[in-house]
Amino acid sequence: MIVLIVQQLINGVMLGAIYVTVALAFNLTVGILNFLNFTIPSVFMLAAVIAGAAEERGLPFGLSGPLSWSAALGVGLAAGLLASLLVERLTFRYLKTRYGDATEHAIPLVSSLGFLLVFQNLARLFFGTQPHSFTSPIADANLRVSGLIVSAPQLLSLAIALSIVVAVTWILRVTRIGRALRAIAENPDATLLMGVDVKRIVPVVFALAGVLCGVAAAIFAVNYGQVYSGMGDEIGNKAVAGMVLGGLGSIWGAVVGGLIVGVAETLSIQFLGGDSVQAVVWGLLLLALVLRPEGIFGHHAIGKGKL
Amino acid sequence: MSGYFGGVIVILSLNVILAYAIFLPVASGQLNLGGAAFQAVGAYTAGFLSTSYDLAVGPSLALSVLAGGLVALFFSFIILRTRSVYLVLATFAFSEFVSGVIVNIDALGGSVGLSVSTHISGTVVLVAAVIAAAIVLLFMQTRLGLATRAIHDDDLVSELMGIGVRWTRVIAFTLGGLLAGLAGGLYAFYFNFVDIQSFDAASSIYLLLFVLLGGTQTFWGPLVGAAFFTIVPELLRSAISAAPALAHALGVTGELDSSWRFIILGALTVAMMIVRPEGAITRIGLSRLQAALFPSRLRKRPA
């Protein structure tokens, strides 16, 4: 029994690695730009599905034959990056406050919902709703430690996810761009007055978010061996739960929240059955929103009122 | 009322009721991204009562309205603590939670769904939609309706002017829940089948978008939004299905189902948010229209 629980905890942490990466993408846009970017689940899905299509059929318009798995993942990553920059161009760049009412903060959010519909349904049109298999040579390697099974790609994913978190923290803490980004989070107008070209820095956030989605998509494709157009809803939305649980705008909050959601998911599958996951994860989130709306690591300033 | 035209009218009526269900919370500054969940509560209430207890259509509908309202009342107290982005996330979490719970209740058919044997005609749905719209129109004329408008424009100033912001929000959210419950009950009896996939996150998004694109400043916005996004896809349906060759040439391998209409809605949303984020119908737009149509009545009556 103990072994079983520990095994599920391990599985949960591994699943959580994907949530962590996507939740981090969410947290960057909401933390720095106060923009709840609902396209992120669909950018994640798009990157995965395009990687799958690149492996299966090759590049569009007959540019190449079917690609190797690593090249396909690269194509997926590039697609995620481009999609995210497109979102910046069309949703965030032009949306400045022009009339003041209580729902005006929602304009970029609503616009991102529009993009979500576009991305999801384009994927559905071009790739159908059926899962496409994604084959990679490292999918079957397993480690066995005293009765527990840890698969190599899972371990690798966790390592990648955590090193990305460290890298993003480093970028934000140390580099010049990071300092500019933190200044924008504090006060965009003052940042502009201090000589930071805010318009040119903002796309960096979206580029980072796009790359994070692409990496999460790659982790998913290698671990589960399949990609499908509904995975944005299934995986990405749980990353939202992880992000809110950890605290909006907090990087380590995304890590902890993502891992909690992953573990809660595997444990509830184990003990309550597969249908219970949705109720457990979102019930947990609702409870957290009632008891501590700012999340575990969040602070009040972000997401409350006009940044 | 039957046939293709009747079917479109019924869907239009349901969408109008749902649009007002979302409009009332949004009009008081609360973006509700969980509309489908409140509809699901109504639909399952009606379906369960009529199949398990042989309750007649009238009482079942009344109870489904009540159920939607009660759930919304309860939930509106929870979200009073949250604002802006958190509020949107809370409604989203709530709708995911509700569908997660419903799937686990065996008496409601779980993931299979629930068959409802009693059928109502489309006329009933149409009449209900007209009544619902009339109630919202009246509500917006009352002092309370004026208060919701004020809160939508600026909650802080409304508070300073002596409006009970919290209560107004609770009332607006609950009224929205009542209407969503009604739409759910009508859905159950008209389509005779209820399953949780019909009330997913995507339909909540869809609902919120057409209310926002129609405009949330006036009574007419949701009506225009719902009508536009029900009728235009129907008009385009024949045009799109006539072009499978074109679709194939573009590399479309999936089914040519309703996906394209969501693409149009999504693209339109992105464009509208850039050009006209306040929605198609605005207060100023309406008074200008009035001035253009009835120049003689200008300035005699405040809009």
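The values are calculated or read from the model by the stated rules, or taken from the named source; none is laboratory data. Since the structure is predicted, the reported quantities are computational estimates derived from the model, not experimental observations. Here the Cβ positions follow ideal geometry from the backbone for every residue, glycine too, while neighbour counts run over all protein chains shown.
Might you check whether a residue that is of a type in the set (A, V, I, L, M, F, W, C) and touching an Asp or Glu at 6+ places or on another chain (Cβ under 9 Å) occurs anywhere in the stretch B:52-65?
Taking the stretch B:52-65 first, the residues of a type in the set (A, V, I, L, M, F, W, C) are B:55-57, B:61-63, B:65.
Among the residues that remain, those that are also touching an Asp or Glu at 6+ places or on another chain (Cβ under 9 Å) are: none.
No.
Among the residues of the stretch A:264-277, is any part of a helix (DSSP H, G or I), within 14 Å of B:Glu96 (Cα to Cα) and of a type outside the set (D, E, K, R)? Talk me through it step by step, then tell me what you get.
Within the stretch A:264-277, the subset part of a helix (DSSP H, G or I) is A:264-272, A:274-277.
Keeping just the survivors that are within 14 Å of B:Glu96 (Cα to Cα) gives A:275-277.
Checking the rest, the ones that are also of a type outside the set (D, E, K, R) come to A:276-277.
Checked against the condition, which is being part of a helix (DSSP H, G or I), within 14 Å of B:Glu96 (Cα to Cα) and of a type outside the set (D, E, K, R), the stretch A:264-277 yields at least one hit.
What tally of residues in the stretch B:260-276 results from selecting those that are within 19 Å of the chain's Cα centre (by Cα) and facing chain A (nearest Cβ under 7 Å)?
4
Residues A:Ala71, A:Ala78: which one is surrounded by fewer than 19 Cβ atoms within 10 Å (Cβ to Cβ) and modelled with pLDDT of 85 or more?
Answer to the check: A:Ala78.
Quick one: would you say A:Val281 is more than 14 Å from every other protein chain (Cβ to nearest Cβ), farther than 14 Å from A:Leu24 by Cβ, in contact (Cβ under 8 Å) with a residue 40 or more places away in the chain and assigned to a helix (DSSP H, G or I)? Walk me through how you get there before you give the answer.
Working: more than 14 Å from every other protein chain (Cβ to nearest Cβ): no; farther than 14 Å from A:Leu24 by Cβ: yes; in contact (Cβ under 8 Å) with a residue 40 or more places away in the chain: yes; assigned to a helix (DSSP H, G or I): yes.
Considered against the rule, which asks whether it is more than 14 Å from every other protein chain (Cβ to nearest Cβ), farther than 14 Å from A:Leu24 by Cβ, in contact (Cβ under 8 Å) with a residue 40 or more places away in the chain and assigned to a helix (DSSP H, G or I), A:Val281 comes out as no.
Residues of the stretch A:194-221 being surrounded by 24 or more Cβ atoms within 10 Å (Cβ to Cβ) and over 21 Å from A:Leu85 (Cα atoms), which ones?
A:Ile219, A:Phe220, A:Ala221
Starting from the stretch B:177-202, keep only residues that are closer than 17 Å to B:Gly122 by Cβ and surrounded by fewer than 24 Cβ atoms within 10 Å (Cβ to Cβ), then list their pairs with residues that are modelled with pLDDT under 90 and of a type in the set (Gly, Ala, Ser) whose Cβ atoms are within a distance under 8 Å, requiring at least 6 positions of separation or different chains.
B:Tyr190/B:Gly122; B:Asn192/B:Ser115; B:Asn192/B:Ser117; B:Phe193/B:Gly113; B:Phe193/B:Ser115
Conditions tested, residue by residue: (1) over 13 Å from B:Tyr187 (Cβ atoms); (2) among the β-branched types (Val, Ile, Thr); (3) modelled with pLDDT under 90; (4) within 17 Å of the chain's Cα centre (by Cα).
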residue: B:Ser2; (1), (2), (3), (4): yes, no, yes, no
residue: B:Phe5; (1), (2), (3), (4): yes, no, yes, no
residue: B:Gly34; (1), (2), (3), (4): yes, no, yes, yes
residue: B:Gly42; (1), (2), (3), (4): no, no, no, yes
residue: B:Leu49; (1), (2), (3), (4): yes, no, yes, no
residue: B:Ser52; (1), (2), (3), (4): yes, no, yes, no
residue: B:Ser60; (1), (2), (3), (4): no, no, yes, no
residue: B:Leu63; (1), (2), (3), (4): yes, no, no, no
residue: B:Val71; (1), (2), (3), (4): yes, yes, no, yes
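Can you tell me which residues in the stretch B:90-143 are of a type in the set (Ser, Thr, Tyr) and either surrounded by 18 or more Cβ atoms within 10 Å (Cβ to Cβ) or at pLDDT below 85 (or both)? Don't jump to the end; show me each part of the working.
Within the stretch B:90-143, the subset of a type in the set (Ser, Thr, Tyr) is B:91, B:95, B:99, B:111, B:115, B:117-118, B:121, B:123, B:142.
Across the stretch B:90-143, the qualifying residues are B:Thr91, B:Ser95, B:Ser99, B:Ser111, B:Ser115, B:Ser117, B:Thr118, B:Ser121.
Please find, among B:Gly47, B:Gly58, the residue that is farther than 23 Å from B:Ala172 by Cα and either buried (at least 24 other Cβ atoms within 10 Å of the Cβ) or touching a Gly at 6+ places or on another chain (Cβ under 7 Å) (or both). Show your work before the answer.
Values: B:Gly58 fails: either buried (at least 24 other Cβ atoms within 10 Å of the Cβ) or touching a Gly at 6+ places or on another chain (Cβ under 7 Å) (or both).
Only one candidate qualifies: B:Gly47.
Could you check the stretch B:94-111 and list, in sequence order, the residues that are under 18 Å from the mean Cα position of the chain (by Cα) and among the aliphatic types (A, V, I, L, M)?
First pass over the stretch B:94-111, keeping only residues under 18 Å from the mean Cα position of the chain (by Cα): B:94-96, B:98-99.
Across the stretch B:94-111, the qualifying residue is only B:Val98.
Against the condition assigned to a helix (DSSP H, G or I), in contact with a helix residue (DSSP H, G or I) (Cβ under 8 Å, 6 or more places away or on another chain) and within 22 Å of B:Val88 (Cα to Cα), how does A:Gly295 come out, does it pass?
Details: assigned to a helix (DSSP H, G or I): no; in contact with a helix residue (DSSP H, G or I) (Cβ under 8 Å, 6 or more places away or on another chain): yes; within 22 Å of B:Val88 (Cα to Cα): yes.
No: the conditions fail for A:Gly295.
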